[in-house]
Amino acid sequence: MSAILQGAGAATALSPFNSIDSNKLVAPSRSSLSVRSKRYIVAGSDSKSFGSSLVARRSEPLIPNAVTTKADTAASSTSSKPGHELLLFEALQEGLEEEMDRDPHVCVMGEDVGHYGGSYKVTKGLADKFGDLRVLDTPICENAFTGMGIGAAMTGLRPVIEGMNMGFLLLAFNQISNNCGMLHYTSGGQFTIPVVIRGPGGVGRQLGAEHSQRLESYFQSIPGIQMVACSTPYNAKGLMKAAIRSENPVILFEHVLLYNLKESIPDEEYICNLEEAEMVRPGEHITILTYSRMRYHVMQAAKTLVNKGYDPEVIDIRSLKPFDLYTIGNSVKKTHRVLIVEECMRTGGIGASLTAAINENFHDYLDAPVMCLSSQDVPTPYAGTLEEWTVVQPAQIVTAVEQLCQ
């Protein structure tokens with residue numbers, strides 16, 4: 001272990017989150033949306049109030065098998081390449097294993113991450129391959145093992161800290177806020193904290209209020225931390241690898257209901273940009289910004305919208321902090337209407353910060369106020385029917401688009 005503790009990586013601070021000149025953004029053609037010659041990345045500022053929430057959920061029948069003329073699934077960057085099918089949790093495991101093979105400084109710690117393989121089997125088989133020192137089972141004490149991981153990162157390791165449930169990481173909020181996010185700054189650049197904090201979260205199926213937390217809203221206010229949310233096996237693996245290689249602390253949000261999502265991913269190595277959104281479906285009439293599980297609610301609604309004559313552009317923002325305002329801005333300048341769909345709470349959530357950032361940078365390009373659909377500000381009920389009513393449903397999205405496009 002002493003050999004592993006030698007030397008820390010070069011220090012690289014997070015980019016300052018400044019406002020940008022929206023006039024420098026030019027809406028590209030669809031064929032060039034994935035090509036970037038210049039990047040502008042900024043984090044949203046304080047929350048602002050925006051459009052009232054919609055209550056009509058089942059007023060419009062959905063068309064589940066509608067045929068559309070444009071791609072309505074995940075951006076298929078892997079379709080023409082040889083690959084292999086993996087579930088999302090297997091993609092996370094594969095990315096983690098590859099990075100542990102590549103760099104002996106990468107280690108894993110958390111509750112039951114060892115021979116049990118983690119609560120959702122993301123670390124399955126790693127303890128047998130890498131041993132108990134690099135895949136460390138910890139006591140049930142989030143503040144202790146999170147602090148231990150941050151200290152290990154200060155000495156040169158690259159720990160991946162698993163929260164058995166993201167809600168449990170509230171017990172480690174002091175370590176994440178006062179240590180993880182600030183030590184690079186408060187030490188005058190003497191320390192970097194290349195740590196990844198990851199785990200399952202979001203509204204599952206009758207997991208109760210305590211296990212249905214969406215902590216994005218809590219962590220977004222911590223200076224010095226990056227946040228990303230995976231939504232497909234492809235970007236889950238790519239974001240995991242990129243987060244481990246980053247010199248900054250990264251929180252990777254995984255949704256509990258997406259672990260069994262299957263997709264073919266490339267055999268060759270790849271990583272995803274931690275600060276880049278994904279164009280899921282190009283469109284002309286309205287920009288729909290979403291992430292994580294809500295991506296699939298949006299795509300279900302998009303099928304119905306296309307059959308009603310609408311052409312929505314869907315963007316999975318992926319980077320929750322900082323926002324990729326290059327991609328978002330070019331879309332706004334093309335469609336002039338924005339709908340944000342999130343599972344986060346309405347008050348002080350990611351949608352509130354994103355609304356503020358769009359209004360500050362692209363207000364002159366909007367033909368209608370930014371609308372945000374969020375979860376209701378209530379503890380998530382245990383009863384399945386009530387739980388469903390607290391989260392945005394596809395019918396709500398259809399109604400919101402119709403209102404914005406009037």
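Things to note:
- The 3J(HN,Hα) values that the Karplus relation (6.51, -1.76, 1.60; θ = phi - 60°) gives for region 143-159 are, in residue order, 5, 6, 6, 5, x, 4, x, 5, x, 5, 5, 5, 8, x, 6, 10, x Hz. Gly and Pro appear as x.
- Whole-number accessible area per residue in Å² for region 83-266, which is evaluated in the context of all protein chains at 1.4 Å: 35 Å²
- With all protein chains in place and ligands, DNA and RNA left out, the 1.4 Å accessible area ranks LYS303, LYS321 as LYS303, LYS321, largest first.
- Within the full protein context, the accessible area of LYS262 is estimated at about 130 Å² for a probe radius of 1.4 Å.
- Computed from backbone phi, the HN-Hα couplings of region 335-350 come to 9, 6, 9, 9, 10, 9, 10, 9, 9, 5, 5, 5, 7, x, x, 4 Hz, rounded to whole numbers (Karplus: 6.51 cos²θ - 1.76 cosθ + 1.60, θ = phi - 60°; Gly and Pro given as x).
- Inter-centroid distance (Cα atoms) of region 173-201 relative to region 216-282, Å: 18 Å
- Three-way shape label, region 219-263, alpha-carbon gyration tensor, a/c 1.5: oblate
- Listed residues MET182, MET227, MET371 arranged by accessible area, highest first, probe 1.4 Å: MET182, MET371, MET227
- Neighbour net charge for SER292 - beta-carbon separation under 10 angstrom, K R +1, D E -1: -1
- Near GLY114: Cβ cut-off under 14 Å, other residues only, Lys/Arg at +1 and Asp/Glu at -1. The net charge is -2.
- Other residues with beta-carbon under 14 Å from the beta-carbon of ALA91 carry, at +1 per Lys or Arg and -1 per Asp or Glu, a net charge of -4.
- Shape of region 312-406, Cα gyration tensor, a/c cut at 1.5: prolate
- Accessible surface of region 90-182 [probe 1.4 Å, protein heavy atoms]: carbon and sulfur percent: 57 percent
- Spin-label pair ASN260/HIS84, simplified geometry with 7 Å Cα→Cβ offset, distance in nm: 2.2 nm
The values are calculated or read from the model by the stated rules, or taken from the named source; none is laboratory data. Everything numeric here is computed off the predicted structure, so don't read it as measured data. A quick note on method: Cβ atoms are made from the backbone with ideal geometry, for glycine too, and the neighbour counts reach across all protein chains shown. Ligands, DNA and RNA are excluded from the accessible area calculation, which covers all protein heavy atoms including side chains. Shrake-Rupley method; radii C 1.70, N 1.55, O 1.52, S 1.80 Å.
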